[in-house]
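Visitor: For reference, the structure I am asking about is given below.
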Amino acid sequence: MSMEKQAVERARTAFLTGRSRPLKFRGQQLKALQRMLKEREGEICMAIKHDLNKSQFDSALFELVGLESEIQLALEKLPEWAAPRPAEKTLLTLLDEVYVQPEPLGVVLIIGAWNYPFALVIQPLIGAIAAGNAAVIKPSEVSEHTARLLEELLPEYIDRDLYPVVNGGVPETQELLRQRFDHVFYTGNCAVGKLVMEAAARHLTPVTLELGGKSPCYIDKDCDLSIVCRRITWGKFVNCGQTCIAPDYVLCDQSIQGRVVEEIRRTLLEFYGDDPKTSPDYGRMINQRHFKRVTALLEGETVALGGESDEADLFIAPTVLTDVPPHSRLMQEEIFGPVLPLVSVGSVDEAIRFINQREKPLALYVFSYNSKLIKRMIAETSSGGVVANDMLLHYSTSSLPFGGVGKSGIGSYHGKHSFERLSHQRACLIRSLTLEGMNKARYPPQEASKLRVAKYFMQKRLWTGGLCWVTLAVLAALLALALLIALLALILKGSEQ
Amino acid sequence: MSDYGAIVQKLRDSFGTRKTRPAEFRISQLNSIVKLLRENEGPIVEALERDLRKPKFETMISEISMAINEANYAINHLASWMKPEHVEKSLVMKFDECFIRKEPLGVVLIIGAWNYPVQLVLVPLIGAIAAGNCAVVKPSELSDSTSSLLTELLPKYLDQSCFSVVCGGAKETTELLEQRFDHIFYTGGVSVARSVMRAASCHLTPVTLELGGKSPALVEGSCDITATARRLVWARFFNAGQSCVAPDYVLCSPETRRLLLPALRDCITQLYGTEPRESRDFGRIINQRHFERIRDLLSNSQGRVEIGGETEEGERYIAPTVLVDVSESDPVMQEEIFGPVLPILTVESLEEAINFINCREKPLALYLYTGDSKVVTKVMECTSSGGFCSNDGLVHTTVITLPFGGVGSSGVGRYHGRFSFDTFSHQRSCVLRGFGLEWANQLRYPPYSEQKLERLLQATQERKWSCTLL
């Protein structure tokens, strides 16, 4: 039996013991993860630095802080999330218990990505644990230091049978995908996303696919470009552009392109100094393959800013390109690097058309003072999420579901949405065997009068229609009676004195 | 471009004009569905009579009434469903607008099934319309009278530029699935579902799969046997057993079985008379293939026919049948019966019953008949299923405020009522900021420092502190 299959079977056996279900256990595991983040922060940041040259601050901010809040939220809210949710009753179910009970699914497969190698594994894991599941964790082999660290750390803190880490490359991932899971959670690209879903189809396993695409950023002409460009520069060049919701390209009027470049130049100086290569805060490309992929995209383009690269260091300077033609190679694939094309559009109409001719992106950004324009852009396009006048923020708002639509993904998570996504919402109707009289209308032999009664009961809900008045009348009568009794009691008391 | 390609493109172009977005349009289409059902009650009853010999009562309550109910519920609630949902914010986001917008997906595909051919096409369609989508509807070719009727009626009542009906069998469905949709909603069996999901994966299309399986009915000793038997009989033999949520088999103790069998026999007689074949209230099997399939299950069973067992090929009639002495390896226990045959298996204890259920695929429904609430809690906690209903059958699927769907091989996703709207919507997260407070953003920008990080952490953890303070 393969190692992958063994890990899955162990996880399933562990799940079937029922120990991942009690809220107390889930809380313990989450607290253990919390401890791990605190106690091993240094090692975690070091591993991420080796993989992506992320500074300690970058890692803390983008990987760890978010996880800390997610765990804290899950610990606080778990009793509420896991509790049965009463549903509004129909007249037919007036005397019954009607509710939805969240339940664990079973064994979840979590396939991480390399750009936020820690967060993109731990965040879904928090949801899986909170929902009472077991989980097999497959970190990306591309971010190899973090993958090895996860394999070492997780068993030290959380249940090693319920949450095994399985490392490996394509063959190991394929072997994992041959196994049966109760949910497969994948973060990565479209091409592999399709393969994951195809594999899941064999077992009818539901999937969450957090993918990507080209997230557009529209800049309205009449904006304070210094603030706009500072925010865009931050969103684009953090993690060296290797963020699924980074603004992939900018759409703006030709007349402001020059100023946009200038403001970005000014901001880059502020952020990374004269030479970003020497800044401890500027990242690197993950590996040779991606380095070559991104530098190749620059060929034939007009470099307005940056463009330098160093293969040995996997360094690509923050780069801005102007007058990028829509049909260029650069505009056909997600850049996933520190290269920002500026594409000219003459109007917001043209921008909307441009966006709608392409696949629905994971994120859409719009910068404008004009709230009508913003609302129009939102209303006439679609995307996983939208941020107006800033970058990336919807990712860190745990009350907002984070996910794509169309080719940018299936499903969403974060906060309560992770819990929901990795639970089964079981519909429950608890009846008694009495009051069989109420059921009489539905049994054969049938006649027209029975049908009328059955339809009435089926369609009436508790607080609407005719019953509302009946109920109110009954309540009013009871209230009147209560008041009368109180009044009588007062009168009697008074007369005694 | 194939015909289907042209149809989908036409709908996509219509969707692009945004005509399906306004609430008025959606409500007008939903009202048209109600009108379709009210004005064509007679033809619908007749079509279902031809396909399944479905009794008029069953057509009215489980097809027409149910769909009208769903449409009216959607109409009444649409405004609140469509409203953006504002969410809780942390302190750092206090001046921002943070909300979830409900948006249509685009062009969806709805593949219906033959056992409730009206409901299983119209109820998802109601959800798709309510959510603002265009849709291609593919009714089941097996229920051909009803499907022909729907093919004729839907274009008369609904906007033809936004909603199309496609007919055909396996070949046509396969071709249709090559097109790109924004959601595929399929009701049917497990093996076709796999093909549907595989086809969907080529375009990364999300799916809802309403499947089935063997839904167990545990009859525990403390229950009222007469009421149990009546409810079991009704749920099992409704639509001649051809319901995805029908109780597929019974688990009970030998003693309970001894009491249950005569009660079942009495109830069958009460409901269908001494000759169910002559009852107007008992249906028929959909076609020859399924008739033979069920008849073979009966003849190959190693169990014994305790009640019923008669069949009549010309009419595709199978009597309400109860089988006993059935073991778990029996052919009747290897597949969903989907017919009027109820095997009874005996177990020695509740634990054995629970283990039996858990060794099998998660069912679409799980039924428990008991007078003891502790038993209800135990069975619920120790098992999993799409839905759970104690002391009755089928009815949990009619509660519009409960989600209807499976888990594991009984299905992916859910619908009915609000859940239909959610299934066919995209929940788009929106954050709207202003240009002020840029000084607050300084904390997040490079060059990074220990101080900046500390201050930023303090700011983002504000929510926890304010909770403690309160």
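Visitor: Starting with the highest mean, order B:299-305, B:223-229, A:354-360, A:230-236 by the number of other Cβ atoms within 10 Å, averaged over the residues of each peptide. Intermediate values should be presented prior to the final figure.
Guide: Numbers: B:299-305: 14.3, B:223-229: 21.6, A:354-360: 16.9, A:230-236: 24.3.
In decreasing order of mean packing, B:299-305, B:223-229, A:354-360, A:230-236 become A:230-236, B:223-229, A:354-360, B:299-305.
Visitor: Restricting to Cα pairs below 8 Å that are 6+ residues apart, what does the relative contact order work out to for the range B:227-372? Please round to a whole percent. Walk me through the numbers on the way to the answer.
Guide: Numbers: 207 pairs, mean separation 46.2, N = 146.
32 percent.
Visitor: Taking amide hydrogens as modeled 1.01 Å from N in the peptide plane, which residues meet the under 5 Å criterion relative to A:T302, leaving out close sequence neighbours?
Guide: Amide H neighbours of A:T302, under 5 Å, 5+ apart: A:T322.
Visitor: P(r) for chain A, please, calculated from all Cα pair distances in 10 Å bins and given in %.
Guide: Bins of 10 Å from zero give 4, 17, 23, 20, 15, 10, 6, 4, 1, 0, 0 percent of pairs.
Visitor: May I ask for the accessible area buried between chains A and B, both sides summed, probe 1.4 Å, to the nearest 100 Å²? It would help to have the intermediate numbers written out before the result.
Guide: Numbers: alone 23650 and 21550 Å², together 36170 Å².
Protein heavy atoms only, the A-B interface buries about 9000 Å².
Visitor: Shielding of B:400-412 by partners, i.e. mean partner chain Cβ atoms within 10 Å per residue?
Guide: 6
Visitor: Placing one identical point scatterer on every Cα of the range A:110-248 and ignoring solvent, what is log10 I(q)/I(0) from the Debye formula at q = 0.13 Å⁻¹?
Guide: -0.63
Visitor: Counting residues in the range A:127-166 as N, plug N into 2.2 N^0.38 Å and put the Cα Rg over that result. Numbers along the way, then the final one.
Guide: Details: Rg = 10.4 Å, N = 40, 2.2 N^0.38 = 8.9 Å.
Ratio of Rg to 2.2 N^0.38 Å for the range A:127-166: 1.16.
Visitor: What accessible area per residue, rounded to a whole number of Å², is obtained for the protein assembly as shown using a probe radius of 1.4 Å?
Guide: Working: 36170 Å² over 967 residues.
Heavy-atom accessible area per residue stands at 37 Å².
Visitor: Where does chain B land at 222 nm, in deg cm²/dmol rounded to the nearest 500, when only DSSP H runs of n ≥ 4 count, each adding -39500 (n - 2.57), divided by all residues? Intermediate values should be presented prior to the final figure.
Guide: On the way: 18 runs with 204 residues, N = 470.
Estimated from H runs of four or more residues: -13500 deg cm²/dmol.
Visitor: What FRET efficiency do you get for A:K221 and B:L91 if R0 is 25 Å and r is their Cβ-Cβ distance, rounded to the nearest 0.05? Working shown, then result.
Guide: Numbers: r = 33 Å, r/R0 = 1.33.
With R0 = 25 Å, the Cβ-Cβ based efficiency is 0.15.
Visitor: Something else about it: Report the charge-dipole magnitude of the protein assembly as shown in Debye, nearest 20, computed about the Cα centre from +1 at each Lys and Arg Cβ and -1 at each Asp and Glu Cβ. Please list the in-between numbers first.
Guide: Numbers: 107 positive and 114 negative charges, 335 e Å.
Computed charge dipole of the protein assembly as shown: roughly 1600 debye.
Visitor: From the phi of every residue in the range A:263-272, what ³J(HN,Hα) in whole Hz does the Karplus formula 6.51 cos²θ - 1.76 cosθ + 1.60 yield, where θ is phi - 60° and glycine or proline is x?
Guide: Per residue, the Karplus-derived 3J(HN,Hα) values read 5, 5, 4, 4, 5, 4, 4, 5, 6, 10 Hz.
Visitor: Which whole-Hz ³J(HN,Hα) couplings does the range A:4-16 yield from phi under the Karplus relation 6.51 cos²θ - 1.76 cosθ + 1.60, θ = phi - 60°, glycine and proline marked x?
Guide: For the range A:4-16, the Karplus curve yields 5, 4, 4, 4, 5, 5, 5, 5, 5, 4, 4, 4, 5 Hz.
Visitor: Something else: Amide H of B:V407: which non-local residues (sequence gap of 5 or more, or other chain) have their own amide H closer than 5 Å, using H built in the peptide plane?
Guide: Answer set, sorted by chain and number: B:G386.
Visitor: Show log10 I(q)/I(0) for chain B at q = 0.09 Å⁻¹, two decimals, from a solvent-free Debye sum over equal Cα scatterers.
Guide: Values, matching the q order: -0.68.
Visitor: For the range B:70-226, compute Rg over Rh where Rg is the Cα radius of gyration and Rh is the Kirkwood radius from the inverse mean 1/r over Cα pairs.
Guide: Working: Rg = 19.6 Å, Rh = 18.0 Å.
Result: Rg/Rh = 1.09.
Visitor: Also, quick follow-up: Over chain B, what is the percentage of antiparallel beta bridges among all DSSP beta bridges, to the nearest 5? Walk me through the intermediate numbers first.
Guide: Numbers: 18 of 51 bridges.
Of the beta bridges lying entirely in chain B, close to 35 percent run antiparallel.
Visitor: At a threshold of 8 angstrom on Cα-Cα distance, excluding pairs fewer than six apart, so keeping six or more, what relative contact order does chain B reach in percent? Could you put the intermediate results ahead of the total?
Guide: Details: 893 pairs, mean separation 86.0, N = 470.
This gives 18 percent for chain B.
Visitor: Okay, next question. Could you work out the per residue convex hull volume over the alpha carbons of the range B:352-462, in cubic angstrom? Don't jump to the answer; show the numbers that get you there.
Guide: On the way: hull volume 26.1 nm³, N = 111.
Roughly 236 Å³ of hull volume per residue.
Visitor: Then there's this: Compute the separation of the alpha-carbon centres of the range B:218-297 and the range A:68-102 and state it in Å as a whole number.
Guide: 34
Visitor: Take each of the peptides B:89-97, B:381-389, average the number of other beta-carbon atoms within 10 Å over its residues, and list them starting from the highest.
Guide: Working: B:89-97: 17.0, B:381-389: 23.6.
Output ranking for B:89-97, B:381-389: B:381-389, B:89-97.
Visitor: How crowded by other chains is B:392-399, given as the mean number of beta carbons from other chains within 10 Å of each beta carbon?
Guide: Counting Cβ atoms of other protein chains within 10 Å of each residue's Cβ and averaging gives 6.
Visitor: The range A:11-63 to the range A:274-345: how many Å between their Cα centroids?
Guide: Computed from Cα coordinates, the inter-centre distance equals 33 Å.
Visitor: While we're on this one: To check my understanding: the extent here is largest minus smallest coordinate of the Cα atoms along each principal axis. What are those three numbers for the range A:350-448, in Å, largest first?
Guide: Extents along the principal axes, in whole Å: 66, 34, 26.
Visitor: Using a 1.4 Å probe over the heavy atoms of the protein chains, calculate the carbon and sulfur portion of the accessible area of the protein assembly as shown as a whole percent.
Guide: Details: 19870 of 36170 Å².
The C+S portion of the solvent-accessible surface of the protein assembly as shown is 55 percent.
Visitor: How big is the gap, in Å, between the Cα center of the range B:42-90 and the Cα center of the range A:103-117?
Guide: About 36 Å separates the Cα centre of the range B:42-90 from the one of the range A:103-117.
Visitor: Hey, can you rank B:320-327, B:430-437 by average C-beta count inside 10 Å, highest first? Walk me through the numbers before you get to the answer.
Guide: Details: B:320-327: 21.2, B:430-437: 17.5.
Per-residue mean Cβ counts within 10 Å order the peptides as B:320-327, B:430-437.
Visitor: Antiparallel DSSP bridges in chain A: what percent, to the nearest 5?
Guide: On the way: 20 of 51 bridges.
The antiparallel fraction comes to roughly 40 percent.
Visitor: Report the charge-dipole magnitude of the range A:69-120 in Debye, nearest 20, computed about the Cα centre from +1 at each Lys and Arg Cβ and -1 at each Asp and Glu Cβ.
Guide: Numbers: 3 positive and 7 negative charges, 24 e Å.
Computed about the Cα centre, the dipole is about 120 debye.
Visitor: Magnitude of the Cβ-charge dipole of chain A, K/R +1 and D/E -1, about the Cα centre, nearest 20 debye? Intermediate values should be presented prior to the final figure.
Guide: On the way: 56 positive and 57 negative charges, 517 e Å.
Computed about the Cα centre, the dipole is about 2480 debye.
Visitor: Collect residues whose amide H, placed 1.01 Å from N in the peptide plane, falls under 5 Å from the amide H of A:L251; neighbours closer than 5 in sequence don't count.
Guide: Answer set, sorted by chain and number: A:C217, A:Y218, A:I219, A:V343.
Visitor: Using the Karplus curve 6.51 cos²θ - 1.76 cosθ + 1.60 with θ = phi - 60°, what ³J(HN,Hα) values do you get for each residue of the range B:289-298, in whole Hz, with x for Gly and Pro?
Guide: 4, 6, 4, 5, 4, 6, 4, 5, 4, 5
Visitor: Please give the helix A:65-82 orientation as an angle from the longest Cα principal axis of chain A, in degrees from 0 to 90, rounded to the nearest 10.
Guide: So the inclination is approximately 10 degrees.
Visitor: I'd like the mean, over residues of A:195-206, of how many other protein chain beta carbons sit within 10 Å of each residue's own Cβ. Kindly include the intermediate steps, with their values, before the conclusion.
Guide: On the way: counts 1, 2, 10, 6, 2, 4, 12, 3, 4, 15, 4, 10.
Average neighbour count from other chains, rounded to a whole number: 6.
Visitor: Ok, one more. Taking each pair of different alpha-carbon atoms in the range B:178-264 once, compute 1/r for the pair, average those values, and report the inverse of that mean as the Kirkwood hydrodynamic radius in Å to one decimal.
Guide: Values: mean 1/r = 0.0646 Å⁻¹.
Across the range B:178-264, the inverse of the average 1/r is 15.5 Å.
Visitor: Taking Cα atoms, how many degrees apart are the long axis of helix B:119-130 and the longest axis of chain B, rounded to 10 and kept between 0 and 90?
Guide: Helix B:119-130 and the main axis of chain B meet at about 10 degrees.
Visitor: Let me know the whole percent of all Cα-Cα pairs from the range A:209-343 that are separated by more than 26 Å.
Guide: 15
Visitor: Then there is this: Please name which of B:V136, B:I75, B:M60 has its Cα lying farthest along the dipole of the range B:50-185 towards the positive end, using unit charges on Cβ (Lys, Arg +1; Asp, Glu -1) and the Cα centre as origin.
Guide: Sorting the options by dipole projection puts first B:M60.
Visitor: What would the Debye equation give as log₁₀ I(q)/I(0) for the protein assembly as shown at q = 0.04, 0.08 Å⁻¹, counting only Cα atoms as equal point scatterers?
Guide: -0.21, -0.81
Visitor: Looking at the protein assembly as shown, send over the antiparallel percent of its DSSP beta bridges, to the nearest 5.
Guide: Values: 38 of 110 bridges.
Expressed as a percentage, antiparallel bridges in the protein assembly as shown total about 35.
Visitor: To one decimal place, what Kirkwood hydrodynamic radius in Å is obtained for the range B:156-305 from all pairs of distinct Cα atoms?
Guide: Working: mean 1/r = 0.0527 Å⁻¹.
Across the range B:156-305, the inverse of the average 1/r is 19.0 Å.
The values are calculated or read from the model by the stated rules, or taken from the named source; none is laboratory data. Keep in mind that this is a model prediction, so the values were computed, not measured. Note: ideal-geometry Cβ built from the backbone for every residue, glycine included; neighbour counts use all protein chains shown. Accessible surface is based on the protein model in full, side chains and every heavy atom, while ligands, DNA and RNA are left aside. Shrake-Rupley method; radii C 1.70, N 1.55, O 1.52, S 1.80 Å.
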